[in-house]
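Below you'll find the structure, written out as structure tokens, and then a few comments.
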Amino acid sequence: MDKAALDADLGVLHANRTRWARLPLPEKLVYLQAFVDGTAAAAEAQVRAAMAAKGTVAGTAGEAEDWLGGPVVQIRTARLLLESLRAVAKTGSPDIADDDVSVRPDGRTVLRIFPRNLLDRLTFTGFTAETWMERGVTPANLRAHMAGFYREADPVGAVALVLGAGNVASIGPLDVVHKLFQEGQVCLLKLNPVNAYLAPFVAQAFAPLIRDGFVRMADGGADVGDYLCKHPLVDEIHITGSDKTHDAIVFGVGAEGAANKAADTPINPRRVTSELGNVSPIVVLPGPWTPADLRFHAENVATQMTNNGGFNCNAAKVLVLPAEWPERRAFLDTLRSVLAALPQRRAYYPGAEQRYDHFVAAYPQAQPVGQRTPGVLPWTLIPEVPATDADAVAFREESFCGITAVTALPGHSAAEFLANAVTFCNEQLWGSLNACLLVHPRTEAELGDALTDAIDALRYGTVVINHWAALGYGMGVTPWGAPPGHPRTDIQSGVGFVHNALLIDRPEKTVIRGPFRVRPRPPWFVTHKNAARVARRLVALEHHPSLRRLPGLIFDAARG
């Protein structure tokens, strides 16, 4: 650890914090456009480096994931933020239409945030997203609760330390973009040792901001992170990682840290925002599913299990099934057949094999799908985990590898099962980041308002109907994070929202709805045979949106 270099970098940021905070918005937009362009220029080399680090085979779903989770979402989120900030520069507020705003029966305001334009409607046909606001936000004052930083008269600015995640390439850079352009803070990004190979590509994207003293980068292990978290020139901290890391930063480690947490006496006085993972549930509602339905959603669930080798904060961790659903066994059999056909991945994330062994030791009934070899873990289901076991490892710990538990809940009707599932997810599962509900159209019609009431009752920052909740991360315009209200002594999935390209100051929950089945197969599906080509085309489309780019994209997508 070069403390002198870290001190010097923080000194530069501290000296420039007010200059950045008060920099005219048109000048900030030049930097953000440069970030978009720099990300696009580095995309090919970045993906190749990620594939080499993870052992990904070219042309496979693994390659597509490094495009989609890296340059695609990074460009898209920054581009949408750029559009919003241009509107702020003109009118003082992001561009929203009056008919995008509605009020729920309980009085809460809802803002429809997706689709934004014709291109969204054509590329995400049938998908919608909305943000439910905190109480006190009304249609009349909604715009006053957007882009709050840009209403400050003489901001002083701050130095933010961003502790980047090691699993997905876009997390750290987009956390920095959020701090820079939504909160007006200069940033030091500490890369995680797992993906420190990203440094030259991140530096290329941030090159003008680094040149002018508004961004700095660091790497290294826990000792570097500890030094930076306690540095007197660091004003705020943002972490994407685990709740254990959060607690170590805020309260300390060992017995002393536990005592501090119990007494709520933090050793670190700084504001700490965070995104800390989840034991993510997929709730499957009963209904008249056909074999084609079972196959589609088996691929859907398999994608959520295996994307990025299972090393995702929003990976499928608990499959919640109706105990009395006649198709329950057929669905699980179909899921196993899909998993069996998928190539296994290198367990590149540190500690994966130990976490896998920990879970398998707790559940003798665990069912590996495939063989375990050195450095490679099989996709694994843990069936028949009793829903009444409040202390179940599978419910209280995030495995962060390709393991998914399966549990069953009673319910003589879809409505009764759904009510039981909401209670189970809220009370038995650790975390509050995201949840997924799979609902047949006929079941949805039968449920009526009960489905919306269940979405309301689920205490998660993102709830997605029929598709992976990672859409809430990838859409860019959707606020991503835990719902507000977690105290630091029970942080769950964290505090604060990122992405959030509409600069919504007081979001409570994002709700995304998609068709029960999508044709052609979505490009994020691990079973899409042409996903890598589609993902490459999406980089170009997000960088320079144009309807002229659609025919080639649709052609490649249809071949999946």
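Okay, here's what the table says:
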{"read-out": "Within the stretch 33-47, tally of residues that are of a type in the set (A, V, I, L, M, F, W, C), surrounded by 19 or more Cβ atoms within 10 Å (Cβ to Cβ) and touching a Phe, Trp or Tyr at 6+ places or on another chain (Cβ under 9 Å)", "value": "4"}
{"read-out": "Top-ranked residue of the stretch 245-276 - restricted to ones that are touching a His at 6+ places or on another chain (Cβ under 7 Å) and not aliphatic (A, V, I, L, M), ranked as surrounded by the most Cβ atoms within 10 Å (Cβ to Cβ)", "value": "274"}
{"read-out": "Residue that is closer than 20 Å to residue 284 by Cα, out of contact with any strand residue (DSSP E or B) (no Cβ under 8 Å at 6 or more places or on another chain) and among the charged types (D, E, K, R), where the choices are 384, 416, 397", "value": "416"}
{"read-out": "Conditions (1) in contact with a Gly (Cβ under 8 Å, 6 or more places away or on another chain); (2) crowded, with 21+ Cβ neighbours inside 10 Å; (3) of a type outside the set (Phe, Trp, Tyr); (4) assigned to a helix (DSSP H, G or I): number failed by residue 454", "value": "(1)"}
{"read-out": "Residue in the stretch 545-557 that is out of contact with any Leu (no Cβ under 8 Å at 6 or more places or on another chain), farther than 24 Å from residue 65 by Cβ and not hydroxyl-bearing (Ser, Thr, Tyr) present", "value": "yes"}
{"read-out": "Residue among 51, 1 that alone is under 28 Å from the mean Cα position of the chain (by Cα), farther than 14 Å from residue 205 by Cβ and aliphatic (A, V, I, L, M)", "value": "51"}
{"read-out": "Test: residue in the stretch 263-272 that is in contact (Cβ under 8 Å) with a residue 12 or more places away in the chain, over 17 Å from the mean Cα position of the chain (by Cα) and more than 30 Å from residue 5 (Cβ to Cβ)", "value": "yes"}
{"read-out": "Segments classed as helices (runs of 4 or more DSSP H), wholly inside the stretch 11-114, with at least 3 members that are of a type in the set (Val, Ile, Thr)", "value": "25-54, 73-91"}
{"read-out": "Qualifying position, being of a type outside the set (Gly, Ala, Ser), over 18 Å from the mean Cα position of the chain (by Cα) and either surrounded by fewer than 23 Cβ atoms within 10 Å (Cβ to Cβ) or assigned to a helix (DSSP H, G or I) (or both), among 519, 459", "value": "519"}
{"read-out": "Helices (runs of 4 or more DSSP H) within the stretch 156-234 that include 2 or more residues over 22 Å from the mean Cα position of the chain (by Cα) and crowded, with 24+ Cβ neighbours inside 10 Å", "value": "none"}
{"read-out": "Test: residue 277 is within 25 Å of residue 351 (Cα to Cα) and free of Cβ contacts under 8 Å to residues at least 24 places away in the same chain", "value": "no"}
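One line per residue, one yes/no per condition, for (1) crowded, with 18+ Cβ neighbours inside 10 Å; (2) not aromatic (Phe, Trp, Tyr):
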| site | (1), (2) |
| --- | --- |
| 108 | yes, yes |
| 114 | yes, no |
| 122 | no, yes |
| 125 | no, yes |
| 132 | yes, no |
| 135 | no, yes |
| 140 | no, yes |
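A quick yes/no check of all residues on (1) touching a His at 6+ places or on another chain (Cβ under 7 Å); (2) free of Cβ contacts under 8 Å to residues at least 12 places away in the same chain; (3) closer than 27 Å to residue 508 by Cα; (4) of a type in the set (S, T, N, Q):
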site	(1), (2), (3), (4)
27	no, yes, no, no
39	no, no, no, yes
87	no, yes, yes, no
104	no, no, yes, no
109	no, no, yes, yes
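Quick note: the coordinates plus some simple rules give every number you see, no bench work behind them. Every value quoted in this text rests on a predicted model; they were computed, and no experiment measured them. Please note: Cβ atoms are built from the backbone with ideal geometry, for glycine as well, and neighbour counts cover all protein chains shown.
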